[in-house]
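Colleague: Sharing a structure here in structure tokens format.
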Amino acid sequence: IFMANLRVAVCDDEPMDLVQTTMLIQQYDAGKSFDILSYTRAVDLLKTAAEKPFDIVLLDIEMETPNGYEIAKKLVILPSPPVIIFVTKSSAYTLKGYGIALRYLQKPLDRVSFEEALDASVHEAIAHRLYFTSEDKTVALPLREILYIEMYGHYAVVHTKTSEYRFRSTLKEIQAKLPQGYFALPHKSILVNFDHVRSASKTEIKMDNNDIIPISRRRHQEFSDAFFRFLGR
């Protein structure tokens with residue numbers, strides 16, 4: 001499994017449980033590609049996540065208020081929400097956690113179930129990013145931050161609200177890395193993220209950052225169909 005450099009947080013107010021969960025993650029991460037941070041208070045985890053997002057968070061539920069479940073509800077509405085795994089002694093939260101956590105693990109932790117949960121979380125975290133090398137740096141850009149991608153020959157320029165990244169790639173290579181149904185071509189050399197389309201007419205698209213992107217006559221119908229499918233999903 002391709003790990004990437006993922007930021008992983010563990011939060012548990014039981015010191016021994018915190019150490020055990022952290023050790024299991026370290027054993028799983030044989031390639032030392034995770035940046036692992038441990039917390040005994042959920043509020044401290046939330047504060048860090050708001051400043052620098054985590055990819056995966058393992059959260060104990062039964063903690064002092066705010067408990068893990070309450071913090072998870074706040075984590076999932078952050079601009080870059082993490083994949084959440086609940087770790088708990090009780091089964092009372094199983095149904096409540098549905099829709100917030102990707103997995104639910106009961107203590108004492110079973111290593112096989114734990115590694116399966118991490119496998120699923122890593123896949124989920126990686127699926128929501130575009131990986132490329134720009135200016136000799138590997139960039140793992142969350143897909144939600146991409147407004148649109150412009151192609152110039154064998155180069156791509158990724159536009160976000162705050163930055164632009166240029167790297168060598170073909171349109172085909174980029175399309176293969178993106179999830180179906182979220183990006184489309186209004187023009188032969190521009191890929192647009194539907195999440196950031198503010199409005200669309202027959203001839204142009206207005207993006208969240210006010211950039212205007214032309215829609216070619218040849219692609220108008222195909223683009224419109226794809227956009228309406230996205231809106232109706």
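The values are calculated or read from the model by the stated rules, or taken from the named source; none is laboratory data. Every value quoted in this text rests on a predicted model; they were computed, and no experiment measured them. We place every Cβ from the backbone using ideal geometry, glycine too, and count neighbours over all the protein chains shown. These accessible areas exclude ligands, DNA and RNA; they are computed on the full protein's heavy atoms, side chains included. Shrake-Rupley method; radii C 1.70, N 1.55, O 1.52, S 1.80 Å.
Colleague: So in segment 140-155, with the set limited to residues that are farther than 20 Å from R219 by Cα and free of Cβ contacts under 8 Å to residues at least 60 places away in the same chain, which one is surrounded by the most Cβ atoms within 10 Å (Cβ to Cβ)?
Modeller: The selected residue is I146.
Colleague: Does Q180 satisfy the criteria of being surrounded by fewer than 19 Cβ atoms within 10 Å (Cβ to Cβ), outside any helix (DSSP H, G or I) and among the polar types (S, T, N, Q)?
Modeller: Details: surrounded by fewer than 19 Cβ atoms within 10 Å (Cβ to Cβ): yes; outside any helix (DSSP H, G or I): yes; among the polar types (S, T, N, Q): yes.
Considered against the rule, which asks whether it is surrounded by fewer than 19 Cβ atoms within 10 Å (Cβ to Cβ), outside any helix (DSSP H, G or I) and among the polar types (S, T, N, Q), Q180 comes out as yes.
Colleague: Being at pLDDT 95 or above, in contact with a Ser or Thr (Cβ under 6 Å, 6 or more places away or on another chain) and not hydroxyl-bearing (S, T, Y): is that true of V19 here?
Modeller: The answer is no for V19.
Colleague: Suppose we keep only residues that are touching a residue at least 40 places away in the same chain (Cβ under 8 Å) and of a type in the set (S, T, N, Q) within segment 106-139. Which one would you say is nearest to S169 (Cα to Cα)?
Modeller: The qualifying residue nearest to S169 (Cα to Cα) is T138.
Colleague: Any residue at all in segment 21-34 that's under 21 Å from I77 (Cα atoms) and among the acidic types (D, E)?
Modeller: no
Colleague: Shifting gears a bit: Does segment 208-218 contain any residue that is more than 22 Å from the chain's Cα centre (by Cα), of a type in the set (D, E, K, R), open to solvent by less than 60 Å² (accessible area, probe 1.4 Å) and at pLDDT 95 or above?
Modeller: yes
Colleague: Would you be able to say whether some residue in segment 123-136 is of a type outside the set (D, E, K, R), closer than 25 Å to Q26 by Cβ, modelled with pLDDT of 90 or more and open to solvent by 80 Å² or more (accessible area, probe 1.4 Å)? First the steps, then the outcome.
Modeller: Residues of segment 123-136 that are of a type outside the set (D, E, K, R), as a first pass: 123, 125-128, 130-134.
With the extra rule that they be closer than 25 Å to Q26 by Cβ, the set shrinks to 123, 125-128, 131.
Adding the requirement that they be modelled with pLDDT of 90 or more leaves none.
No: zero hits.
Colleague: So in segment 183-207, with the set limited to residues that are free of Cβ contacts under 8 Å to residues at least 40 places away in the same chain and open to solvent by 80 Å² or more (accessible area, probe 1.4 Å), which one is nearest to the chain's Cα centre (by Cα)?
Modeller: The selected residue is R198.
Colleague: Restricting to segment 118-142, give me the number of residues that are of a type in the set (D, E, K, R) and closer than 14 Å to S80 by Cβ.
Modeller: Summing the residues that are of a type in the set (D, E, K, R) and closer than 14 Å to S80 by Cβ in segment 118-142 gives 2.
Colleague: Listed residues E51, E62, E14; which is touching a residue at least 40 places away in the same chain (Cβ under 8 Å), charged (D, E, K, R) and either in contact with a Pro (Cβ under 7 Å, 6 or more places away or on another chain) or open to solvent by 20 Å² or more (accessible area, probe 1.4 Å) (or both)?
Modeller: Numbers: E51 fails: touching a residue at least 40 places away in the same chain (Cβ under 8 Å); E62 fails: touching a residue at least 40 places away in the same chain (Cβ under 8 Å).
Just one listed residue meets the conditions, E14.
Colleague: Is at least one residue of segment 19-38 crowded, with 23+ Cβ neighbours inside 10 Å and part of a loop (DSSP other than H, G, I, E, B)?
Modeller: Among the residues of segment 19-38, not one is crowded, with 23+ Cβ neighbours inside 10 Å and part of a loop (DSSP other than H, G, I, E, B), which makes the answer no.
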